[in-house]
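The values are calculated or read from the model by the stated rules, or taken from the named source; none is laboratory data. Everything numeric in this text was worked out from a predicted model, so none of it was measured. Here the Cβ positions follow ideal geometry from the backbone for every residue, glycine too, while neighbour counts run over all protein chains shown. Accessible surface is based on the protein model in full, side chains and every heavy atom, while ligands, DNA and RNA are left aside. Shrake-Rupley method; radii C 1.70, N 1.55, O 1.52, S 1.80 Å.
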Amino acid sequence: SRFEIPETVSNILAANRFMGRKSQVFSQMFNSDEVFSGEKVDFAAIREEILGRFAEALKTPKEMAAAQEALAQTAEDVMKTMISEDEHISSVDIRELKLMNAQLSIAGRLAKEEQYTIPVLVGGEVTNMSLKIVRGAKKKGMVEIMFETAKAGKIAACIEAKEKGVSGFVAVDRLDTKKILESHISDITRGFGEEQSDLQIAYVSKLNFSRFSSHSASGYKSEESEEEMYEVQTKRLYQIAESFIENVKELEV
């Protein structure tokens, strides 16, 4: 209701899957040759185009929203092609294709509030990365990032941009992932472009992504109306998000 999404059975099923299994959509689309096959749909080219588009768009809300919209349109076009060409559907039936498409449509609606579902390549595996920008008063704000891969497990980051400097923590559910991130902590924080950066890595055996859904960040709603302040904050928050994502992508996790 909040995002004016029609309450159809398909949309409800898609929303349930989207919220409960954040890494499912892109993993299913791009990590299995059994899911999509056929010469008429070049998924390798589509994957590279989408990954590149989001990497370039991670600068402003407008660019990210455009990338999210383009992704949903690409998925819809591919789905229509595959439904019309039955030989291109192997282990995924038409119902599954529609559910996947509905999930990406929902992701496009969430982008209006700076909640993004980003396809990224981490350790050779395409996964969903959930990114949320939470704006605060003055120059404050928060960046929330969550993703999961078969090799690294779950990773959830809450990074707060304060009036002076940045602080936050990254929770992981695997000890080997914790060691890798700790060994590269200086590289990760250097990219924030802040004079002071404090980022802690914590091991959480049963990591629950719902704890990072910004319920505790409701107080960060912006009270500022000046466009200049908005632009300064936008640049800063998106730089933090981009730096963290790009650094983690390069690690052997």
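Residues TYR238, TYR203 ordered from highest to lowest accessible area at a 1.4 Å probe: TYR203, TYR238.
Using a simple spin-label model with pseudo-atoms 7 Å out from Cα toward Cβ, GLU76 and ASP198 lie 4.7 nm apart. One chain, two ends: GLU250 and SER1. Fully extended at 0.36 nm per residue, the span grows by 85.8 nm beyond their Cα-Cα distance. Residue ranges 5-16, 111-122, 161-172 sort as 111-122, 161-172, 5-16 when ordered by packing (mean number of other C-beta atoms within 10 Å per residue, highest first).
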